[in-house]
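Worksheet: one structure, shown below.
The values are calculated or read from the model by the stated rules, or taken from the named source; none is laboratory data. Keep in mind it's a predicted model, so treat the numbers as computed, not measured. Methodologically, a virtual Cβ is constructed for each residue, glycine included, from the backbone with ideal geometry; neighbour enumeration extends over all protein chains shown.
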Amino acid sequence: MRTLALPLTLLPLLVLPASAAEDSRQPVAMPAMMQEHMRASMRDHLLALGEIQAALAAGQYDAAAEIAERRLGMTSLDAHGARHVAGFMPEGMQATGTAIHHAASRFAVTAQEAAVTGDLARALGGLAEVTQQCVACHAAYRLLPSP
Ligand code: HEC
């Protein structure tokens, strides 16, 4: 009974949709056009993550590395205009943005190494570090709907 008590008290936390809880994310204001741009690049980030996972599953480590570097890594910064959008971000958000690009570039190296060593577990660990940055930023910030 005692072992059941704790899980049962925590249950409502698990089943309540996130929106029912207080939204503690910091709102970030930027012009509508920038928001559109940022959301589009976010959707491409998600697409890239899926493509990376599929490439890893197929043992195509070089392809996984290339997608990560080009779409999420340091190389992607100019491509998706991150430096321009970053001007509207609070400092902590910028730092998470930088962290994800670094994590993606690190993953790209790990994936390239996995092409030689076959160490999928290590590559997946590197990818998890990328995803953690997506989660960290989403937990802390939201876009303020523009008028
Ligand atoms: C630097 C902060 C930051 C990072 C890092 C980040 N995001 Fe986002 N993302 C946001 C914000 C802010 C929004 C808008 C949330 C809101 O207010 O609706 C968003 C929205 C999104 C959306 C919804 C897009 C839409 O059309 O509305 C997707 C999908 C998304 N992010 C995927 C990702 C993925 C995948 C990653 C990691 C590879 C990632 N994001 C990393 C800040 C970030």
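Taking the stretch 84-95 as the region of interest, how many residues are farther than 12 Å from Tyr141 by Cβ and either exposed (fewer than 11 other Cβ atoms within 10 Å of the Cβ) or touching a Gly at 6+ places or on another chain (Cβ under 7 Å) (or both)?
Quick first cut of the stretch 84-95, residues farther than 12 Å from Tyr141 by Cβ only: 84-87.
Keeping just the survivors that are either exposed (fewer than 11 other Cβ atoms within 10 Å of the Cβ) or touching a Gly at 6+ places or on another chain (Cβ under 7 Å) (or both) gives 86-87.
Looking only at that region, the number is 2.
Starting from the stretch 41-62, keep only residues that are surrounded by fewer than 16 Cβ atoms within 10 Å (Cβ to Cβ), then list their pairs with residues that are assigned to a helix (DSSP H, G or I) and polar (S, T, N, Q) whose Cβ atoms are within a distance under 7 Å, requiring at least 6 positions of separation or different chains.
Asp62/Gln112
Go through (1) closer than 15 Å to Val28 by Cβ; (2) touching a His at 6+ places or on another chain (Cβ under 9 Å) one by one and return the number of the condition Met89 breaks.
If we test Met89 against (1) closer than 15 Å to Val28 by Cβ; (2) touching a His at 6+ places or on another chain (Cβ under 9 Å), just (2) comes out false.
Any residue in the stretch 23-35 that's under 13 Å from Pro145 (Cα atoms): show its pairings with residues that are more than 9 Å from the ligand (Cβ to nearest atom) and among the hydroxyl-bearing types (Ser, Thr, Tyr) at Cβ separation under 8 Å, as long as the two are six or more apart or on different chains.
Close Cβ pairs (under 8 Å, with a partner that is more than 9 Å from the ligand (Cβ to nearest atom) and among the hydroxyl-bearing types (Ser, Thr, Tyr)) amount to Ala29/Ser146; Met30/Ser146; Pro31/Ser146; Ala32/Ser146; Gln35/Ser146.
Out of the stretch 30-78, which residues are modelled with pLDDT under 95, small (Gly, Ala, Ser) and either under 17 Å from Glu129 (Cβ atoms) or not in a helix (DSSP H, G or I) (or both)?
Gly73, Ser76
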